[in-house]
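Chemist: This structure is in structure tokens; I'll ask about it shortly.
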Amino acid sequence: MITNNKKRILFIAHEMSPYLELTDYAKILNDLVVKSNDSNMEVRVIMPRFGVINERRHRLHEVVRLSGINVIIDNDDHPLLIKVASLPTARLQVYFMDNEDFFKRKFVFRDAEGKWFDDNAIRTVFFCKGALETVKKFGWPPDIIHCSGWMTSLIPMYLKTTYRKEPVFANSKCIYTLQSNSFREKMGGDFIAKARISNQIKEKDLEYYAAGANTALNSGACHFADAVAIGDPKADKKLIEEITEENSSKLLPYNKHQEGDVEEYMEFYERIAPAS
């Protein structure tokens, strides 16, 4: 297993500039990744390889030694391909999760008519589990796992349940960025069954996510995360109040300066995972 003295931070997100920009946070995340890298941290990024991401323009190529994982969901095997690109503004690697069934289409979460994809639930489970399985294959133990976007919302729960005893995550602290709700649909009746990827996950663990709506996904992620950063001024105020009441020290409030200056995040990382 890889070890060194640098703080290791893994960013898992469903959007980041310049690859995909769905919200303003995509640019903030890019700034945060670059700043972390420039601050002598060891940084890696994991994203889905949505079909709208141009492989030729961004010079993606398959990492054969990492590909070949089969992600098992509800007793079905789904092949996972790993592709990689170098972030143009920094010397660091961005890894892309790819799958023929889930990510080849030239749309993100809705079709050309704006209809919500029926398989967004299993795509979310696949991405969350696939990302953590990829880190296991890296043999690269992150000090901080910073998740952003509702598509990463199961990861904090998986780290506290299925992956709790995995050596690579033994010292990892998970941060979830809470953003405003971006969809009104629900994940569907089979979401919870598919999200339960192991017997370590109990019914009570899934209660937070059970409604399948955007608010429920955020609620579950915030409950299981070690810390929460508010990444949007329109984020759910009721949920923020609940987090504050539970433990205000785990919360990084939203500040306008995050749009251009990410120094406060650097301090937050140090507070959540102090240098040993």
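The values are calculated or read from the model by the stated rules, or taken from the named source; none is laboratory data. The structure presented is a predicted model; accordingly, all values stated were derived computationally and were not measured. Don't worry about glycine lacking a Cβ; one is built from the backbone with ideal geometry, like all the others, and counts go over all protein chains shown. Note: accessible area is taken over every heavy atom of the protein model, side chains too, but ligands, DNA and RNA are not part of it. Shrake-Rupley method; radii C 1.70, N 1.55, O 1.52, S 1.80 Å.
Chemist: Kindly check whether there is at least one residue in segment 142-161 that is among the hydroxyl-bearing types (Ser, Thr, Tyr), within 20 Å of Leu251 (Cα to Cα) and not in a loop (DSSP other than H, G, I, E, B).
Modeler: Looking through segment 142-161, at least one residue is among the hydroxyl-bearing types (Ser, Thr, Tyr), within 20 Å of Leu251 (Cα to Cα) and not in a loop (DSSP other than H, G, I, E, B).
Chemist: crowded, with 20+ Cβ neighbours inside 10 Å, among the aliphatic types (A, V, I, L, M), modelled with pLDDT under 95 and under 19 Å from the mean Cα position of the chain (by Cα): which single residue out of Ile46, Ile28, Ile12 fits that description? Talk me through it step by step, then tell me what you get.
Modeler: Working: Ile46 fails: modelled with pLDDT under 95; Ile12 fails: modelled with pLDDT under 95.
Going through Ile46, Ile28, Ile12 in turn, just one is crowded, with 20+ Cβ neighbours inside 10 Å, among the aliphatic types (A, V, I, L, M), modelled with pLDDT under 95 and under 19 Å from the mean Cα position of the chain (by Cα): Ile28.
Chemist: Let me ask another. Among the numbered conditions (1) at pLDDT 95 or above; (2) touching a strand residue (DSSP E or B) at 6+ places or on another chain (Cβ under 6 Å), tell me where Phe102 comes up short.
Modeler: (2)
Chemist: Taking the options Ile12, Ile46, name whichever one is in contact (Cβ under 8 Å) with a residue 12 or more places away in the chain, in contact with a Phe, Trp or Tyr (Cβ under 8 Å, 6 or more places away or on another chain) and not in a helix (DSSP H, G or I).
Modeler: Details: Ile12 fails: in contact with a Phe, Trp or Tyr (Cβ under 8 Å, 6 or more places away or on another chain).
Just one listed residue meets the conditions, Ile46.
Chemist: Which pairs have Cβ atoms under 8 Å, sit 6 or more apart or on different chains, and link a residue in segment 248-270 that is under 20 Å from Met41 (Cβ atoms) to one that is at pLDDT below 85?
Modeler: So the pair list comes out as Glu264/Asn255; Glu264/His257; Glu264/Gln258; Tyr265/Gln258.
Chemist: Filter segment 84-118 down to residues that are within 15 Å of Leu132 (Cα to Cα) and not aliphatic (A, V, I, L, M) and give me whichever is most open to solvent (accessible area, probe 1.4 Å).
Modeler: The first filter runs over segment 84-118 and keeps only residues within 15 Å of Leu132 (Cα to Cα), leaving 94-98.
Narrowing further to those that are not aliphatic (A, V, I, L, M): 95-96, 98.
Numbers: Tyr95: 18, Phe96: 0, Asp98: 0 Å².
Ranking the qualifying residues of segment 84-118, first place goes to Tyr95.
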